[in-house]
1. Given K214/K302; K78/K214; K214/K251, which pairs have Cα atoms separated by over 25 Å?
2. Please report the accessible area of C85 (heavy atoms, 1.4 Å probe, ligands and nucleic acids excluded) in Å², nearest 10.
3. Sum up the charges of everything whose Cβ sits under 13 Å from the Cβ of N253, counting Lys and Arg as +1 and Asp and Glu as -1, but leave N253 out.
4. Taking a ≥ b ≥ c as the square roots of the Cα gyration tensor eigenvalues, with a/c under 1.5 meaning rounded and otherwise prolate when a/b beats b/c, else oblate, which class fits segment 96-160?
5. Would you rank D255, D149, D270 by solvent-accessible area, highest first, keeping every protein chain in place and using a 1.4 Å probe?
6. Given 4 °C and 1.567 mPa s, compute D for segment 55-136 with the Stokes-Einstein relation, Rh being the Kirkwood radius over Cα pairs; round to the nearest whole µm²/s.
7. So what does H247 come to for accessible area, using a 1.4 Å probe and Å² rounded to 10?
8. When Lys and Arg each count +1 and Asp and Glu each count -1, what net charge do the other residues less than 13 Å away from A131, Cβ to Cβ, add up to?
Amino acid sequence: MALRKKLCESSNFNGKLMYTFSRYFSSNKMDLRKLKPMIQKRIQDRAKDYPVPGMIPVAQEVFNSQRLIMQGVSTLLKVLPVMACKFCPEVYIGEKGHLIQTCCGFKHRDKNRVHEWITGGLNDVLAPVEAFHRKHMFKDVIKHHQRFDFERVPAVVKLCWQAGANDENQYSNWNPESDCFSVDGAESLPSDELLMIASGTLRAWEILRNGVEKLLMVYPAKVCNHCSEVHIGPSGHKARLSWQGTHFWRKANVDDLMPPKIVWRRRLQDPQVLLNEGRGFYGHAPAVVELCTQAGAVAPLKYHCLMKLQGVATHGNQSLYHPKDQM
């Protein structure tokens, strides 16, 4: 009898507990229904806080730097040769490609093969990253069937427009060729003028990357974890452009909007053609930095470690120290 009485009391307690929880969750459900219009209004009113006045000069500076980089690189490409692999994204700044076996083949079907080089262009140095352009950031998510209703513009340009940068093309059709014109007669420019263009382009590159980093602290941007798709806004879109169908969004950083495109670089102590045996000794640099330094510009100190300026030289399978390293 005592055991039966204890079981009845326990069942009554559990019943009261479940009843209390059911009342709690049902009341919360009702509260959420009442709060939903308030939450939606809060999201709509959030657009009134943008653009942030203090970030408008930064956005304008980034926008102007982006144009200077496009024009500067277009000019330097008429003087300095750039090679691109036919089957992978590898790029090399020089007359001949290297012999380093890092080609992954078409659609990553091969591995560690020699590159097949062709003449490169602007998009090989400055990898194009585009995003959907819409006038208002806090609007409904773009659906898959709406993917052709919105224009595609460079992600950095879209971020600058969102941050309040002034541009006459913002609400008209974007023309990327308007930013790609180069200096006339670039092939016959004297070395001092070429150096001035290279130094200005490198300075604009640093201003752009620092400015984009500041803008991303204030304005939301997303990138797909499975592909390179970028969306400027608080949430991604639902256009199924990823190889896995639906995008898996995460917070974007500077390299997602402006890829550095790291390339191998030949130093004075290296052979004329970089060999696969010396791949552990050669330096690297972002393609824009390497292009500008070959035109005479001085690379910022933060790239010197990556570039291995005073590193080990190679001769066949033997490695030799540079004379400066022996001092």
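The values are calculated or read from the model by the stated rules, or taken from the named source; none is laboratory data. All of these numbers come straight from a predicted model, not from anything done at the bench. Because the Cβ atoms are built from the backbone with ideal geometry, glycine has one as well, and the counts that use them run over all protein chains shown. Surface accessibility is based on the protein's heavy atoms, side chains included, excluding ligands, DNA and RNA. Shrake-Rupley method; radii C 1.70, N 1.55, O 1.52, S 1.80 Å.
1. Values: K214/K302 19 Å; K78/K214 33 Å; K214/K251 14 Å.
With Cα atoms farther than 25 Å apart: K78/K214.
2. 10
3. Details: positive: R209, K214, K222, R250, K251; negative: E213, D255, D256.
Here the count lands on +2.
4. Details: a/c = 3.98, a/b = 2.35, b/c = 1.69.
Because a/c hits 1.5 or more and a/b exceeds b/c, segment 96-160 counts as prolate.
5. Values: D255 70, D149 110, D270 10 Å².
Highest to lowest solvent-accessible surface, that is D149, D255, D270.
6. Working: Rh = 15.0 Å.
The Stokes-Einstein estimate is 86 µm²/s.
7. 20
8. Working: positive: R134, R147, R152, K158, K222; negative: E130, E151, E229, D256.
Local net charge: +1.
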